[in-house]
Ligand SMILES: [Cu+2]
């Protein structure tokens, strides 16, 4: 009999029986002046230019119409103790489309598969600037080429394309499933956290990190609202 | 008067009580001796018992984990399958086949025998028949007999071949059953490999005998008569876990050695432990073995980083060892601090002086500055490598007087006013981008120094340079440093006149705001000058500086050749109260070289400002300076190749290539001020494998000028300076790079390399498919001033004359392996080609094809010649 599966089963029973789970929700608001989004000139590669009818701007700071900040990575930093989480079987997709990365900020679990796709009829290369995980730098010269990667260690790192110097994205790797990226409404939800005390961290590529302590009660969840300020 | 003795005659007295009591004492004493010998004096037995418990527990944990990880359903299934396959061997089918097989074999043997008999009879008949023919009378009877025998043989033969077929088919049946069992057995073994491994280890640990573990090196040491002397090493008696991964985090003496990779090269099973760690190898108690608590042990254990001193024993001629960064950095500290200027140090007697020439110093700066500098160099520049001699005002005045006197007589002229018209802001930008900051700190810009982690700078800090030298001098210097100082290691950054004016303008603004008071100096008196000359000789200034009239001075201080074995009794501790040990003496001396000075004993060694880390490193180097030498076969041969490497390495150190480049895993300190690795100067450890020797020669002679058609990496703002190397230096560097890549200098006609005509067009099509041209401009070099299409990657028209053909293949296979952090991506991840239809999807062939195309780019004239 597999001892580990017994242990996991016991843990699941314990979780279900004793500590009920709750969601941590919140939003990331933004005040002050955001830098004017920089126009991206794609002249170096005509294939890129052709794919855009409207001017393209950088995604370093994207303030939503409701005054919230997009592309903020929110995750549990501390409080999960020694719990272990198996990676989900579902793959995540990371695409190079119109000479930009979609999504611009992505969260993934340790061991989970990431499928990197070139959706453009031009050469891209994905160069990871990871520190904990092994770096890679793979060219995808043809449209539709795919590359599958997994990461072993938690960290947030940058990904860039060397052909198109404006292309950059960030990938956050976590040892647990409790992370989210803010979208067009600036809100997030970390689902089904077991009751307990947690440190939640927000990460933004320009404005850095903020942390907040929350308590997830046995019944119901908790709220964590972050505020970033432009200068 | 005598007291009356016992009336009983001696024969009748009974001494058994005494006898028993003393016999008892004797018995107890014997018992005590046995216990003491077996238990008390063998503490290692307890250590081994504890180890056994600990190791068994740790290994059992691994075993349990392996069991937990074991795919139990697969195990059940495989075991069932194995049992089934073994069972099936007792099935009627198998039994029938086996019985049939045995029967057939028996019949086959019989049939063979019958055939042999028939053959013998046939031979006999044949003989007689032939004989009758010879005798002229054919014997029909024999002929008949012969025919009968032959037909009998044929019938046996037929039976044999039938039986053989039958046997083979039965054997095939048997083998099917047997193979199934074997297959299941080996699958089960594979599945249980890990559990079985740990099971075996646990059993071995549990049953390990309690015994002394000893390594004997028969011929490592020599006695004073130069005969081989055995070295006995019993460290592993207690340090049993040195090779067990599970013992990584446990306390000593059970812990695994922290550097398994190093042990793979220096096997403790053969070399023992004391060869590196020292200590009393034969001892069996920790205190004696380690030599603790008593200053008179001959070989105390080397503690902390001191253990790296041992590398010198066998590698004394190498300034860098790949597996020993501490050793290498200790050596570099010695070289950079210029210790060899005053002390004779083996291997470093041929290095260039580390300080600047002083022959023209009066043309560079004014006497007031020289005086203040001689008085205390750290006052002007706290991170200078020049140590403080703590000269008095009078001494400093005399030395200044001598220097001013000899140098003002030297001919040196510079253009006056040529510097005028520079733009300080532009100059600042240049200083911050072309690479000056890699060696010179300015004000707050100290990141490189911090990354380097040394207490000293490799080039003068420029924060106050505007108060030291005039704009005229700066302009002359930055345009060509060798004009003022022909032996300087400051390279030429090929500034244009305009750039030089800008830089001069900026540097001239860097003033010393502290306004030191002027001191009235008497510099002209002959007596003062004479006294200065004496002081300079006495204190050995010419060990670091080239000074007119003192070019051939010998070293002023002692040789360090056996300093590591200097005895404490030979060391003078002055009035200090520090513990009398070698280590304490050396540390105190390096911290403050005048620490042991008394009113009677004057010390002349100048005071360095080493950090504690540097003191530890210098100390370990000193510890390594011994005459202990093992038998020649243990010493790393300093053969031609090693000599070439070491010679080139010293030149690389002298010009400080490592400040910007990564070389032998050292350096690249400029990365402190360049964020993106793509903009860093390249890693050059593998340069020998990469570039053609004639190209390297031309490049080192005259590195390409930024922005010119020859620029290899137009995207770099940092400039590869011109070091004005001599041909001999370039040749030494070339051999060094070749040596690092395990190559020899040989005459190769790189132009003779011909692309494969079949692969060439394929390579061209892959080159197009991969869109290489997106980043690599590969047309003719752009004319000056013409906008380039791309500045992302080197222009490939130069590949043919620059790169070694075999290197291109290696590069294309995995660029990051050769140049970590390069922007060049791999097109063949995990060695797989993304083009399955080209050249049968063979990545290696495709890479060769690309290479063949790349070397043909930009060579139209050549290919025309060859086709004509
Ligand atoms: Cu791209």
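Summarising the label geometry, the points placed 7 Å from Cα in the beta-carbon direction at residue B:432 and residue B:211 lie 7.1 nm from one another. For segment B:640-741, the square roots a ≥ b ≥ c of the C-alpha gyration tensor eigenvalues yield an a/c of 1.5 or more together with a/b not exceeding b/c, which makes the shape oblate.
Note on segment B:514-597: the alpha carbon radius of gyration divided by the globular reference 2.2 N^0.38 Å gives 1.56. Based on every Cα atom in segment B:378-429, Rg and the maximum pairwise Cα distance Dmax equal 17.4, 43 Å. Considering only the Cα atoms of segment B:406-477, their convex hull presents on average a projected area of 6.5 nm².
Please sort B:37-48, B:730-741, B:303-314 by packing, taking for each peptide the average over its residues of neighbouring beta carbons within 10 angstrom, highest first. Don't skip to the answer; put the middle values down first.
On the way: B:37-48: 14.6, B:730-741: 21.3, B:303-314: 19.1.
With the highest mean Cβ count within 10 Å placed first, the list reads B:730-741, B:303-314, B:37-48.
If the Kirkwood radius is taken over C-alpha pairs of segment B:574-677, then at 20 °C and 1.002 mPa s the Stokes-Einstein diffusion coefficient equals 121 µm²/s.
I'd like to compare B:465-471, A:61-67: which one has the highest average count of other Cβ atoms within 10 Å, and what's the full order after that? Mind dumping the intermediate values first?
Details: B:465-471: 19.3, A:61-67: 15.7.
Taking the mean over residues of other Cβ atoms within 10 Å, the ranking is B:465-471, A:61-67.
Panel values: segment B:361-543, Kirkwood radius from alpha carbon pairs, Stokes-Einstein at 20 °C and 1.002 mPa s, translational diffusion coefficient 122 µm²/s. Would you mind pulling out the separation of the Cα centroids of segment B:179-246 and segment B:247-292, in Å? Cα centres, segment B:179-246 to segment B:247-292: 15 Å. Put simply, segment B:414-456 fits an ellipsoid with semi-axes of 27, 12, 8 Å; these come from the alpha carbon gyration tensor as the roots of five times its eigenvalues, largest first.
Computed over segment B:71-191, the P(r) tail beyond 23 angstrom holds 57 percent of alpha carbon pairs. Peptide B:816-826 has a mean shielding of 4, counted as Cβ atoms of other protein chains within 10 Å of each residue's Cβ. Annotation: extensible slack from residue B:35 through residue B:252 equals 75.5 nm (criterion: 0.36 nm per residue apart, minus Cα-Cα distance). Every helix of 4 or more DSSP H residues in chain B counts as -39500 (n - 2.57), and over all residues that averages to -14500 deg cm²/dmol at 222 nm. Calculation over all alpha carbon pairs of chain B in 10 angstrom steps from 0 returns a P(r) of 2, 8, 13, 14, 14, 13, 11, 8, 6, 4, 3, 2, 1, 0, 0 percent. Scoring B:723-729, A:203-209, B:627-633, B:457-463 by mean Cβ neighbours within 10 Å over their residues and listing the highest first yields B:457-463, A:203-209, B:723-729, B:627-633. Legend: mean number of C-beta atoms from other chains within 10 angstrom of residue C-beta atoms, peptide A:139-147, equals 4.
Please compute the Kirkwood hydrodynamic radius over segment B:219-300, one decimal place, Å, based on all pairs of different Cα atoms. Intermediate results must be reported in sequence, preceding the final value.
Numbers: mean 1/r = 0.0724 Å⁻¹.
Value: 13.8 Å, from the Cα pair sum.
With contacts taken as Cα pairs under 8 Å and at least 6 residues apart, chain B reaches a relative contact order of 10 percent.
Find the relative contact order for segment B:351-464 and round it to a whole percent, using C-alpha pairs within less than 8 Å whose residues are 6+ positions apart.
Details: 104 pairs, mean separation 32.6, N = 114.
With pairs under 8 Å counted, the relative contact order is 29 percent.
Label segment B:17-70 by shape, choosing from rounded, prolate and oblate, from the square roots a ≥ b ≥ c of the eigenvalues of the Cα gyration tensor; if a/c is under 1.5 it is rounded, and otherwise prolate applies when a/b is larger than b/c, oblate when it is not. Taking the square roots of the gyration eigenvalues as a ≥ b ≥ c, segment B:17-70 is prolate. Once you reduce segment A:181-231 and segment B:485-506 to the center of their Cα atoms, the two points are 54 Å from each other. The C-alpha atoms of chain B define a longest principal axis, and helix B:393-408 lies at about 90 degrees to it. Remark: mean inter-chain Cβ contacts per residue of A:160-166 equal 4, using a 10 Å Cβ-Cβ cutoff to other protein chain atoms. The long axis of helix B:140-191 is offset from the longest Cα principal axis of chain B by roughly 50 degrees.
On C-alpha positions alone, give me the angle between the axis of helix B:727-740 and the longest principal axis of chain B, in degrees, nearest 10. With both axes taken from Cα atoms, the answer is about 30 degrees. Among beta bridges from DSSP that stay inside the protein assembly as shown, the antiparallel ones total about 75%.
Summary of the geometry: segment B:615-650 and segment B:712-736, compared by the centres of their Cα atoms, lie 27 Å apart. Put simply, the C-alpha atoms of the protein assembly as shown give a gyration tensor, and the ellipsoid matching it has half-axes of 65, 52, 40 Å, longest first.
Viscosity 0.890 mPa s, temperature 25 °C: give me the Stokes-Einstein translational D for segment A:22-229 in µm²/s, with Rh taken as the Kirkwood radius over C-alpha pairs.
For these conditions, the coefficient is 135 µm²/s.
Just so you know, all these numbers are worked out from the coordinates, no wet-lab data involved. The structure displayed is predicted, hence computed values, not measured ones. Because the Cβ atoms are built from the backbone with ideal geometry, glycine has one as well, and the counts that use them run over all protein chains shown.
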